Amino acid sequence: MTDNTFRYSAATQWLIGLTLALLMAATRSHHFASLDTLPSASWAVFFLAGLYLTPRWAVVGLLAEAALLDYVAITWGGVSSFCVTPAYLFLLPAYGTLWLAGRWYGQRHLHAIKPLPLLGSLTLAGVVCELWSGGSFYFLGGRFGETSLAVFGQRLLTYLPSELFDLFFYVAIAVLLQWLVARAAGRLRPVSA
């Protein structure tokens, strides 16, 4: 059953879409977090686009933006092109997984905060995204001489926790903002698991 009988207005969706695009532009160009830069919000942007934006072309626009940001960072920003290999194409299903998970969650719980389904969909989508992106880079990227499932498992344990933390961090901020706006508008439903 879904409780998603309401969708945001077109103007609100444009504002959300623009905010997500700006968030990705502000955090993706550096590729590594430091004291003066935030970690990449790309994973969260695709999940939140699935959650909040109705038009399917929005994900295509965000994919194009991600590729353009990477191109600009490498061409003019001095960022290494080490990660750009034939495996780069596997970011399509990786980000698509996050977008689909956001759509799935949004169709069921967009206006009723449900922490357990949100955490479950984020975790599952994040793991699958890392398998697509990290797995394709490790096994198909041509940057590693010999590959093995054991070494990939170690890499997964090294990189997945921080990727999930970043995903949870940005989505938690978005959910908090949604809750505050809904509360101010008087449309908040009770929190339930």
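The values are calculated or read from the model by the stated rules, or taken from the named source; none is laboratory data. In this text, all values refer to a predicted model and were calculated from it rather than measured experimentally. In this analysis, Cβ positions are derived from the backbone assuming ideal geometry, glycine residues included, and neighbour counts consider all displayed protein chains. Calculation scope for accessible area: heavy atoms of the full protein, side chains included, ligands and nucleic acids excluded. Shrake-Rupley method; radii C 1.70, N 1.55, O 1.52, S 1.80 Å.
Odds and ends about this structure:
- Residue-level check: of (1) among the hydroxyl-bearing types (S, T, Y); (2) at pLDDT below 95; (3) under 23 Å from A182 (Cβ atoms), S121 misses just (2).
- Selection from segment 122-143 of residues that are free of Cβ contacts under 8 Å to residues at least 60 places away in the same chain, open to solvent by less than 60 Å² (accessible area, probe 1.4 Å) and of a type outside the set (D, E, K, R): T123, V127, V128, S133, G134, G135, S136, F137, Y138, G141
- Boolean, Y170 is aromatic (F, W, Y), within 16 Å of the chain's Cα centre (by Cα) and closer than 13 Å to A44 by Cα: yes
- Test for G96: is it open to solvent by less than 60 Å² (accessible area, probe 1.4 Å) and at pLDDT 95 or above: yes
- Residue under evaluation A185, criteria (1) at pLDDT 95 or above; (2) surrounded by fewer than 11 Cβ atoms within 10 Å (Cβ to Cβ), criterion not met: (1)
- The set of residues in segment 41-81 being surrounded by 21 or more Cβ atoms within 10 Å (Cβ to Cβ) and touching a His at 6+ places or on another chain (Cβ under 6 Å) is empty.
- Residues of segment 108-129 classified as of a type in the set (A, V, I, L, M) and closer than 15 Å to W43 by Cα, total: 7
- For segment 54-165, the helices (runs of 4 or more DSSP H) that sit wholly inside it and include 1 or more residues that are among the charged types (D, E, K, R) and touching a Ser or Thr at 6+ places or on another chain (Cβ under 8 Å) are 91-109.
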